[in-house]
Amino acid sequence: MKIVVIGGTGLVGSKVVELLTGRGHDAVAAAPNTGVNTLTGAGLAEALDGAEVVVDVSNSPSFEAGPALEFFRTSTANQLAAEQKAGVGHHVALSVVGTDRLAESGYFRAKIAQEQLITESPVPYSIVHATQFFEFLNGITDDATHDGVVSLAPVHIQPMAAQDVSAAVAEVAAGPPRNGVVEVAGPERFRLDDLVRTVLADRDDPREVRADPGARYFGAALGEDTLVPAGDARRGPTTLAEWQAAQPSR
């Protein structure tokens, strides 16, 4: 089965391509550096020729509200239009657990807009909601750092390894459309401030982590369980300690 992976040269996309290829599929990495630009449409029709599934794991290069909205609206609309013309039977998109509960954030409003385009399209679909990746903890920490202090709401988070996210996306892509959302999460639940405190200590990062119930998460207020699945979710196997042990020595 030919499966085109938009964002197929990135952190998750490259692993999805590898996993699908290992299962015998014709997995094609589609990204600007392979000649496919979903914002302009360049190379998109050619890449989708003969494809049965399109997997979109691309992300906006900016977390600002306007640019993120423009990226997700344009890229997703171009993909879905090209998929209809090519007869693609399954659109798979990677999104974030809690997106619908994070609408105060401009970035997450952009993700909501992306999901709306997908659900309103005639192309059968599956949306994979993943919890935050271990690999993104640096970005979360830096966004919350002001004057050397990391202020984070002491709420639940259930992070997972990018490899486990990729495995979940690949599994969904190889199966039938769900026409709904599949949630995936890590095997362990932490308090966000405790998690970051642990990670910084492991890296000998001297920044102080302060628990602040009013701290914003990329512009959005957080409830106790905003960042964790609302119900049952598939759990990735990789623990924080296992992920840390696998990182290159610093």
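I want to make sure I understand the PRE zone here: with the label point 7 angstrom from the Cα of Thr145 toward its beta carbon, which residues in region 192-235 have backbone N atoms less than 15 Å away?
196-210
Given springs between every Cα pair under 10 Å in a Gaussian network model of the chain, which of Val96, Val123, Val169 has the largest fluctuation?
It is Val123.
Be a star and scan region 20-36 for residues whose amide nitrogen sits under 11 Å from the point 7 Å along the Cα-to-Cβ vector of Thr9.
Under 11 Å, as judged by backbone N against the label point of Thr9, lie 29-36 of region 20-36.
On a straight-distance basis, which lysines could pair with Lys85 in a cross-link, Cα separation under 18 angstrom, same-chain partners fewer than 8 positions away excluded?
Leaving aside lysines fewer than 8 places away in the same chain, those within reach of Lys85 are Lys2.
Considering region 132-189, what Rg and Dmax in Å follow from its alpha-carbon atoms?
15.1, 49
Using the Kirkwood formula over every pair of different C-alpha atoms, what hydrodynamic radius in Å results for region 1-109?
When all Cα pairs of region 1-109 are included, the Kirkwood radius is 14.2 Å.
Taking the Cα atoms only, what angle lies between the long axis of helix 106-120 and the longest principal axis of the chain, rounded to 10 degrees?
Once rounded, the angle reads 30 degrees.
Indicate, rounded to the nearest 5 percent, the antiparallel portion of the DSSP beta bridges found entirely in region 2-246.
About 15 percent, rounded to the nearest 5.
Over all directions, the average projected area of the alpha-carbon convex hull for region 2-246 comes to how many nm²?
Seen from a random direction, the Cα hull of region 2-246 projects 12.7 nm² on average.
Cβ neighbours within 10 Å, averaged per peptide: list 189-201, 40-52 in order, most packed at the top.
So the peptides 189-201, 40-52, ranked by packing, come out 189-201, 40-52.
Long-range amide H contacts for Arg210: which residues qualify at under 5 Å (H placed 1.01 Å from N, peptide plane, sequence gap of 5 or more or a different chain)?
Placed amide hydrogens put Val150, Ser151, Leu152 under 5 Å from Arg210.
At a Cα cut-off below 17 Å, give the aspartates and glutamates reachable from Lys111, other chains included and same-chain residues fewer than 8 away excluded.
Asp56, Glu64, Glu70, Asp100, Glu120, Glu183
Full-extension gain between Thr40 and Met1, please, as 0.36 nm times their residue separation minus the C-alpha to C-alpha distance.
11.4 nm
Evaluate the relative contact order of the chain (contact order divided by residue number), counting alpha-carbon pairs under 8 angstrom at least 6 apart; express in whole percent.
Relative contact order here is 19 percent.
At most 14 other Cβ atoms within 10 Å and a DSSP loop assignment: could you name the GluC sites (Glu not before Pro) in region 174-242 that fit?
Glu224
In nm, what is the difference between 0.36 nm times the number of residues separating Arg216 and Thr21 and their Cα-Cα distance? Could you put the intermediate results ahead of the total?
Values: separation 195, 0.36 × 195 = 70.20 nm, distance 4.01 nm.
Extending this stretch completely gives an extra 66.2 nm.
Where a number appears in this text, it was derived from the coordinates with a stated rule and is not lab data. Keep in mind it's a predicted model, so treat the numbers as computed, not measured. All Cβ positions, glycine included, derive from the backbone under ideal geometry; neighbour counts span all protein chains shown.
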